[in-house]
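Just so it is clear, none of the values below were taken in a lab; they were calculated from the coordinates. Please read these numbers as outputs of a predicted model, since none were measured by experiment. Every residue, glycine among them, receives a Cβ derived from its backbone with ideal geometry; neighbour counts consider all protein chains shown.
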Amino acid sequence: MIAFYMDFFATHLNVLDEPVQVPKKDGSIKERTRTNQELLTFAEFHTLATKAHPNPGWPLGEHVPAAEGMPTELRRAAINQAIGKVRSWWSRLKTWEKTAPDQRGREPRLGEPNEPVTFYAGMVGHPAYDLNPQKKKRHTFISLKLHTGLKWEKVPLPVVVHAQAESLLAGSALEKERIDRERKRSKTGQAGSGREERGSGVGTWVAKSLTVYGKRDKRYPGGVRYEIHIPMEKWVNAPPKAEKQRQANPQMPVVTVDLGVGRLAVMGAFVEGRLTATRFVDGRALNHRRHRLLVAIYRKRAQSGRIQRGVQDNVALWNKIRNLDEHAAKQTAVVIVRFAKEHGAKVIVFEYLRRYRPPKEKMSRSGRKNHKRAYWLRGQIMEWVRDLAFREGILTVERNPAYTSQVCPHCKVLGKRQGSRFTCKNPNHRYSADADFVGMMNLYRKWTKTFVYPQRGDESKPEVA
Ligand SMILES: [Zn+2]
């Protein structure tokens, strides 16, 4: 189906660029190119037979016999996929033609359709609410509307559903039932908008249309393992801006987090303006493992001589590193958000992450790469925290990182940093602590706006954190 429509649009490229005139509200006329929706209508008009228009120019039925009885949503999804593919190819081709011949590179190709398939509401029977009784059986089934070679029919397929997904889906089914009930009620009685119906369902996950992906996997029949991806949607009440919350209650509980390389995270909970709890997430084991894998990669590269351009080398090892990092980032983020929830914090304070600067000291190639990845991981952790926290109504803010691990959090005098150790230089204050811990403490001062920046000429320039 996608191939058919790709073909259709590739031979009607003019409809992509051709301007159409649209009347605006004030009577004037605006020119623009067709929207995807208009292209879809255009394609359906010229390919589908209707009573008013029985002989379309490009009859779909003749080229794709399986289109007979295909669910409308699936056909529309296919058309949209085709539009996207042809559009991107066409614009790449145009830029390619414009660039000087000696810088061109390969001519862009339209390629083949290889999209995952999305199944819309009418095409799926979720296992949903009857999940519990079915647990006695060996499999949970999901029924999908598929073309069996002769006709479209609902086919039950065994699926493996993880326990957490199971409870989420069951909850989603209940929530959907509730929304349907509300909708019926509002139709018969007073008018209600969709938002009101959702209103009481704030905080409940609802499953959206699922997508089936095929992934290469030798352990499965046909060498393909099918995965069902179900996007989940949840409505949350957006909390007020962090600064507004702070002004309303300057002593409000917050969690500050210092992200580091050796220690992935040092977090502190501040309640009523006082530090009440701390927590550390160590990253040394992760760094060590990652380093060992990188060493292996560089050794293999050296052995194989030249590496081919445009071809990924050591795929399995790189995948392992990626998985390792992604897992660590997610886990750390989960710990941080849980910590914030435990202490009733509504805001998590991070320091703003500066651009990566390679370390000054001499390092091996794998060591440098390892350092860079560890640094990059901090950004990943922050992204996950932002996402996970927002679902709980917790905001994430960033503060200026200058001097956070150089100034004594108690007497505000510039200190000295040696490795991971901070020592206060104030002769009347004997204080030494972990530099990441100091960073975490100072971030709280930055949040409450009580941080004192060292004066110009106070001391030498700040050291790099
Ligand atoms: Zn001090």
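Region 272-311 gives an Rg/Rh value of 1.45, both radii derived from C-alpha positions and Rh following Kirkwood. For region 2-98, averaging the sequence separation of C-alpha pairs within contact (under 8 Å, six or more residues apart) and dividing by the residue count gives a relative contact order of 32 percent. Taking the Cα atoms only, what angle lies between the long axis of helix 72-98 and the longest principal axis of the chain, rounded to 10 degrees? Between helix and principal axis, roughly 70 degrees.
The calculated pair-distance distribution of region 213-286 uses every alpha carbon pair, bins of 5 angstrom beginning at 0, and gives 3, 12, 11, 9, 10, 10, 12, 11, 7, 6, 5, 3, 0 percent. Qualifying GluC sites (Glu not before Pro) in region 1-109, where qualification requires a DSSP coil assignment and no more than 12 other C-beta atoms within 10 Å, comprise Glu68. Binning the alpha carbon pair distances of region 242-399 at 10 angstrom intervals from zero yields the distribution 10, 35, 28, 16, 8, 3, 0, expressed in whole percent. A simple count of charges around Ala285, restricted to other residues whose Cβ falls under 14 Å of its Cβ and scoring Lys, Arg +1 and Asp, Glu -1, yields +3. For region 300-308, putting each phi into the Karplus relation 6.51 cos²θ - 1.76 cosθ + 1.60 with θ = phi - 60° gives couplings of 5, 4, 5, 5, 7, x, 6, 9, 6 Hz, in residue order, rounded to whole numbers and with x for Gly and Pro. In a DSSP loop and with at most 15 other Cβ atoms within 10 Å, the GluC sites (Glu not before Pro) in region 330-390 are Glu361. Only Lys, Arg, Asp and Glu carry charge here, each on its Cβ (+1 for the first two, -1 for the last two); on that basis the chain has a dipole of about 2040 debye about its Cα centre.
Stokes-Einstein, applied to the Kirkwood radius of region 1-110 over Cα pairs at a viscosity of 1.306 mPa s and 10 °C, places its translational diffusion at 101 µm² s⁻¹.
Derived scalar couplings between HN and Hα for region 370-382 equal 5, 4, 5, 5, 4, 5, 4, 4, 4, x, 5, 4, 4 Hz in order, rounded to whole Hz, by the Karplus curve 6.51 cos²θ - 1.76 cosθ + 1.60 (θ = phi - 60°), x for Gly and Pro. Above 33 angstrom, tally the Cα pairs of the chain and express them as a % of all pairs, no decimals. Considering the chain, 61 percent of its Cα-Cα pairs are separated by more than 33 Å.
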